[in-house]
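Sharing a structure below in structure tokens format, with a few things to ask.
The values are calculated or read from the model by the stated rules, or taken from the named source; none is laboratory data. Keep in mind the model is a prediction, meaning the values are calculated, not measured. Because the Cβ atoms are built from the backbone with ideal geometry, glycine has one as well, and the counts that use them run over all protein chains shown. Just the protein is used for accessible areas: all its heavy atoms, side chains included, with ligands, DNA and RNA removed. Shrake-Rupley method; radii C 1.70, N 1.55, O 1.52, S 1.80 Å.
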Amino acid sequence: MKICISAKGKEKESLLDRRFGRCDYFQIYDTETGDFKVLENESKLSNGGAGIAASNQLIDEDIEVVITGNLGPNAFGIIEEEGIKAYACESIAIGSVLEKYENGELKEIKSSGPANHRANR
């Protein structure tokens, strides 16, 4: 299974980024192979639709679980439609996030957070 965590950095010691569409990186862990992959979030600087673009970027990676702070309405709709489970976590080290997930300590995200429309710059 592939687990994706929105992250502020590229290392396992980096903190979870509570922003999904605007996070800097996605850390992807394959629980079956032990492989670890880091993707730069291609949508982090977009003027709009960051959650949509981030969701689509992860769909291309065959993600089964997303762990983040919250999901806006558009990202939540896409993630839910694709059958990807989403879980909420505070901003702690990625290694600790994975431990909490494995121990069943994270709350499933069952509804979207508020829309976060970024002003055009």
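With every protein chain kept in place and ligands, DNA and RNA left out, what is the accessible area per residue of the stretch 2-81? Probe 1.4 Å, answer in Å².
48
Could you order Val97, Val38 so the one with the most accessible surface comes first? Probe is 1.4 Å. Before the final figure, lay out the partial values.
Working: Val97 0, Val38 50 Å².
From most accessible down to least: Val38, Val97.
Related question: In terms of solvent-accessible area of protein heavy atoms at a 1.4 angstrom probe, what is the ranking of Glu108, Glu102, Glu90, highest value first?
I get Glu102, Glu90, Glu108, largest accessible area first.
Can you give me the P(r) profile for the chain? Cα pairs, bins 10 angstrom wide beginning at 0, each as a whole percent.
Here the calculated profile for the chain is 15, 52, 30, 3, 0.
Ser55: net charge of surrounding residues, Cβ under 14 Å, Lys/Arg +1, Asp/Glu -1, itself excluded?
Here the count lands on -4.
What is the antiparallel percent of DSSP beta bridges lying wholly in the chain, to the nearest 5?
Numbers: 15 of 22 bridges.
So the antiparallel bridges in the chain amount to around 70 percent.
Could you look at the stretch 2-81 and say what percent of its accessible area is carbon and sulfur, using a 1.4 Å probe and all protein chains?
In the stretch 2-81, the share of accessible area belonging to carbon and sulfur is 44 percent.
Could you pull the accessible area for Asp17 with a 1.4 Å probe, rounded to 10 Å²?
For Asp17, the solvent-accessible surface is approximately 0 Å².
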